[in-house]
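Right, one structure below, let's go through it.
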Amino acid sequence: MPNTIRKLVVSVAVIFFALWFYLPVVATTNKAYAAELDQGPQEFGVDYNIYRNREMLAEARRLMRMKQLDKLEQQKQAEAEALEAERKAARLAQAQRGELRALAETEYKVTKTLTGNFTAYTPSPDECSGNPWITASGARVHYGTIAAPPAYPFGTLLRIPEYDPDTIFVVEDRGGAIQGNHFDLWLPDKPSAYSFGRRSLTVEVIELI
């Protein structure tokens, strides 16, 4: 009997000391894991507080990384589009100054082709009512300036392959007689305009790409 009691006492003591050592470890581990679950960032719509096992936590983190990558991709796309818009604006400014010439076929697309009736005008006071060097759009005239009907907004780019295929002409002027398919090409002097005369030419309306 004493041996039985002794064994029972030893067993109880062992169980007591095991619980005394194990329970704080479990409590500490659970607290650390709960802290890990609760400390996750709340951005991108991911709330770690709803995840209570490591598998779901890993999936949540994967989803967050995907959303981060999507956001970065959107930022890169927006930056690329802004750079492209800036490049096109710079090239349009070149065209408006008469500096854009000899485009490769890969640099523009034709949006409309028509036959235009062309005449020419010069910076002579008898041919305009205001400053002969300033167009109706406010730009200064240059070789490549064209007066076109109102159907063609200022800044419209044109090619005239049968006349000068290398020059990009820009609609920058208007005129009382400029209607329908009548276009008036700016030339620097009257002899050039008389030599040009009246011509029926193919016109391409283009956009830069």
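The values are calculated or read from the model by the stated rules, or taken from the named source; none is laboratory data. These figures come from a predicted structure and were not determined experimentally. Backbone-built Cβ (ideal geometry, glycine too); neighbour counts: all protein chains shown.
Here is the figure for segment 116-132: residues that are at pLDDT 90 or above, within 18 Å of Pro188 (Cα to Cα) and either in a strand (DSSP E or B) or hydrophobic (A, V, I, L, M, F, W, C) (or both) total 4.
Could you give every pair whose Cβ atoms fall below 7 Å, whose first residue belongs to segment 53-70 and is without any contact (Cβ under 8 Å) to a residue 24 or more places away in the chain, and whose second residue is of a type in the set (A, V, I, L, M, F, W, C) and surrounded by 11 or more Cβ atoms within 10 Å (Cβ to Cβ), counting only separations of at least 6 or pairs across chains? So the pair list comes out as Leu57/Leu37; Ala60/Val46; Leu63/Val46; Met64/Phe44; Met64/Val46; Lys67/Phe44.
Determine whether segment 139-146 contains at least one residue that is under 19 Å from Glu207 (Cβ atoms), loosely packed, with under 15 Cβ neighbours inside 10 Å and either touching a residue at least 60 places away in the same chain (Cβ under 8 Å) or in contact with a helix residue (DSSP H, G or I) (Cβ under 9 Å, 6 or more places away or on another chain) (or both). No, there is no match, as no residue in segment 139-146 is under 19 Å from Glu207 (Cβ atoms), loosely packed, with under 15 Cβ neighbours inside 10 Å and either touching a residue at least 60 places away in the same chain (Cβ under 8 Å) or in contact with a helix residue (DSSP H, G or I) (Cβ under 9 Å, 6 or more places away or on another chain) (or both).
Any residue at all in segment 174-195 that's surrounded by fewer than 17 Cβ atoms within 10 Å (Cβ to Cβ), in contact with a Ser or Thr (Cβ under 8 Å, 6 or more places away or on another chain) and closer than 16 Å to Arg91 by Cβ? Checked segment 174-195: no residue is surrounded by fewer than 17 Cβ atoms within 10 Å (Cβ to Cβ), in contact with a Ser or Thr (Cβ under 8 Å, 6 or more places away or on another chain) and closer than 16 Å to Arg91 by Cβ. With respect to Ser200, is the statement that it is exposed (fewer than 15 other Cβ atoms within 10 Å of the Cβ) and in a strand (DSSP E or B) true? Against the criterion (exposed (fewer than 15 other Cβ atoms within 10 Å of the Cβ) and in a strand (DSSP E or B)), Ser200 qualifies.
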